[in-house]
Amino acid sequence: MGTYLNRTFSGANTSRKIFTLSFWVKRSTFGSMKAVISAETTSNFYDQILFTSGDQFEINNVASGGDVIQYKTNSVFRDPSAWYHVVAAIDTTQASASNGIKIYINGVLQTSLASTTYAQNATFEIGRDGSTTSIGRRQRDTDGYGVGYLSDFHYIDGQQKVATDFGQTDSTTGIWKPKTYSGTYGNNGFRLEFKNAAALGTDTSGNSETFTVNNADTTNQVVDTPSNVFATFNPVVERPGDGLATFAQGALQASGTSKMAFSSIALPSSGKWYAEFKANAGSSTASVGLRDVDDYTADGNSNRLYYRNDGQKDTGSGASSYGSSWTTGDILSIACNVDSNQVTFYKNGTAQDSGTAISQNCANQYLMIATAGGWSFQANFGNPSFSISSGNADANGYGNFEYAVPSGYYALCTENLNTYG
């Protein structure tokens with residue numbers, strides 16, 4: 001069972017036929033159904049708005065046990081390093097499906113659709129008086145957990161809005177970005193900003209429609225946002241022939257036997273970059289390091305650098321003595337100087353080999369972990385997946401690390417990439 005929010009509404013909607021959802025989502029699991037928001041009044045009357053097992057976006061409304069509305073995109077959404085802005089604008093009083101159901105992704109109206117089942121005047125259960133609405137799972141089937149990261153979640157009761165009410169195109173970069181919504185919310189509308197770590201379900205719309213948070217811990221509030229995207233593990237990339245690792249915690253935990261997991265953002269062609277990895281239960285050989293995920297020679301040893309749990313370093317041409325061995329509970333850090341092609345590894349904050357850097361081509365490489373005996377790793381690219389006892393940002397003020405970031409090094413996030421990459 002994963003983290004989710006829920007609320008049972010009381011009081012009549014402004015309209016059960018007209019509403020708008022707007023939210024930002026960064027997906028972390030692919031190839032299986034993941035719910036964004038759902039609601040159920042009885043087992044035969046329910047809504048579910050989700051990403052399908054084929055990674056399409058779908059709006060589904062069921063009445064009397066049958067699909068009344070099933071609107072699904074042809075486009076698939078499989079970028080683990082991207083925040084998607086989704087607007088679902090609904091007005092079933094409209095005669096035509098194209099006017100009644102509108103889906104915008106990053107400001108673009110989706111017109112290529114795999115399914116367009118539509119019934120005029122269909123009524124929805126989301127936000128309905130007496131119904132329970134869940135965010136982050138399917139309410140009816142109590143499944144579909146793990147949609148990923150969510151930000152700035154709006155439900156506008158009684159109005160069919162457009163994407164430009166919530167987002168805009170940056171005049172310099174051309175990138176779609178958040179915009180402050182200035183409209184009203186209707187009777188049962190809400191806005192979840194997720195700003196209060198102790199009460200992530202707080203409604204800031206003025207309607208006091210606060211949600212209950214279930215199965216959350218201190219790592220559920222993150223600094224990864226649509227305005228500053230941090231690296232995670234990449235849950236769709238594997239070492240050829242190995243199969244994917246198992247991912248959890250928003251793709252910040254990776255585990256498995258004989259698996260590799262790579263950062264979702266590559267090191268750029270310049271700058272200095274820092275990350276941490278916490279080692280959890282495992283046996284046999286494990287490594288942290290960097291390599292080019294696309295460059296596999298016949299012997300699989302092209303351009304890689306690992307710090308192994310036996311304390312040795314592995315450059316692909318053989319292992320050699322390097323530093324201290326490490327085990328469960330240790331935090332391994334990597335400092336990559338792309339400008340001078342040098343890498344330093346740390347164990348629990350102490351630089352290995354007396355701080356002597358290893359010469360290694362870093363540009364366009366991916367930070368990674370490798371497992372042989374069921375190891376599990378939690379990554380911290382500045383957005384920690386494990387509890388931090390100290391708290392250290394980089395010199396630009398970004399990230400939250402267990403150990404002090406070496407001078408001149410930065411977290412792997414888009415704000416830093418724009419400045420130093």
Any idea what the relative contact order of the chain is, in percent, if you count C-alpha pairs under 8 Å spaced at least 6 apart?
15 percent
If you take every DSSP beta bridge whose two residues both sit in segment 246-420, what share of them, in percent to the nearest 5, is antiparallel?
95 percent
For the chain (alpha-carbon point model, no solvent) the Debye-based log₁₀ I(q)/I(0) at q = 0.06, 0.09 Å⁻¹ works out to -0.27, -0.59
Net charge dipole size for the chain [Lys, Arg +1 and Asp, Glu -1 on Cβ; Debye, nearest 20]:
340 debye
Low-density loop GluC sites (Glu not before Pro), segment 174-250, at most 15 other Cβ within 10 Å, DSSP non-H/G/I/E/B, are GLU193
Mean separation of Cα contacts under 8 Å, 6 or more apart, over the residue count of segment 246-420: relative contact order %
31 percent
Of THR414, VAL76, THR371, which is farthest towards the positive pole of the chain's charge dipole, taken about the Cα centre with +1 and -1 on the beta-carbons of Lys, Arg and Asp, Glu respectively?
VAL76
When you take every Cα atom in segment 4-214, what is the radius of gyration, and what is Dmax, the widest Cα pair distance, in Å?
15.7, 50
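Read-outs: derived from the displayed coordinates by stated rules, not from any lab. Note that the structure is predicted; figures quoted are calculated from it, not measured. A quick note on method: Cβ atoms are made from the backbone with ideal geometry, for glycine too, and the neighbour counts reach across all protein chains shown.
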